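Below: the structure, in structure tokens.
The values are calculated or read from the model by the stated rules, or taken from the named source; none is laboratory data. Note that the structure is a prediction, hence the values are computed from the model and not measured. Reconstructed Cβ throughout: ideal geometry from the backbone, glycine too, with neighbour counts over all protein chains shown.
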Amino acid sequence: MMIQNRFFPATGMPDRDWWHALWPSPDDIIAALRIKRGMTVVDLGCGYGYFTAALSRRVGPGRVIGFDLDSVLLEQAKATCAGMTNCDWLLGDAMALSRLLDAPVDYVLIANTFHGVPNKSALANEVATALKPDGQFAVVNWHPLPREQTTVLNQPRGPSTELRMSSEQTRAVVEPAGFTLETLIELPPYHYATIFVRANEC
């Protein structure tokens, strides 16, 4: 049985129409995140699979693991990725990620969810444990702009202004878990991605 307060606040999946309006080519976003062919990638909080399908196409002979706490969304993600043979699925709590995976992975992506994590430091530590040495952790966040300025289809979208994090705030939370910032990428119109590398000694 799932307990509602285990879901991260302000991270519900929007309808597909505005997601496509914001980022009409998810494949371009995934390519910008430096994900390579042959990797094993976790789409952490995969929702209905908007990025999962793009990840599947990107990694080719690699493996994509769609991970979510919401069983309904996970079933939708499976439908989105129907016929893609390199996708696996895990239902569970992100704070138990390393214990639910069968082996460490190359890359963990969390998109549009990190702002709502109650204990961001604990999650960063959990991701570090789930990664191989030199594995990568990408956090896609909304820029800390006032919500009324981030419109999609003529409506303000995204988390409340006070929940938004700058790249510096994201870095301050993630790096103590044993990560080093590798690169900062702009994802217009309203997002950025911080890509971190896990230290060998984690």
Could you check region 128-171 and list, in sequence order, the residues that are within 18 Å of the chain's Cα centre (by Cα) and of a type in the set (A, V, I, L, M, F, W, C)? Ala128, Ala130, Leu131, Phe137, Ala138, Val139, Val140, Trp142, Leu163, Met165
Six or more apart or on different chains, Cβ under 7 Å: which pairs go from a residue in region 23-39 that's without any contact (Cβ under 8 Å) to a residue 60 or more places away in the chain to one that's small (Gly, Ala, Ser) and not in a helix (DSSP H, G or I)? Could you list them? Arg37/Gly60; Arg37/Gly62; Gly38/Gly60; Gly38/Gly62
Out of Ala54, Ala77, sole residue that is part of a helix (DSSP H, G or I), in contact with a strand residue (DSSP E or B) (Cβ under 9 Å, 6 or more places away or on another chain) and either within 26 Å of Arg157 (Cα to Cα) or modelled with pLDDT under 95 (or both): Ala77
Within region 78-101, work out how many residues are among the aliphatic types (A, V, I, L, M) and more than 24 Å from Lys120 (Cβ to Cβ). 3
So Val72 passes all but one of these: (1) closer than 23 Å to Gly158 by Cβ; (2) part of a helix (DSSP H, G or I); (3) of a type in the set (A, V, I, L, M); (4) under 17 Å from the mean Cα position of the chain (by Cα). Which condition number does it fail? (4)
Within region 143-166, the count of residues that are assigned to a loop (DSSP other than H, G, I, E, B), of a type in the set (D, E, K, R) and over 21 Å from Pro24 (Cα atoms) comes to 1
Check off (1) modelled with pLDDT of 95 or more; (2) buried (at least 17 other Cβ atoms within 10 Å of the Cβ) for Pro146 and give me the number that stays unchecked. (2)
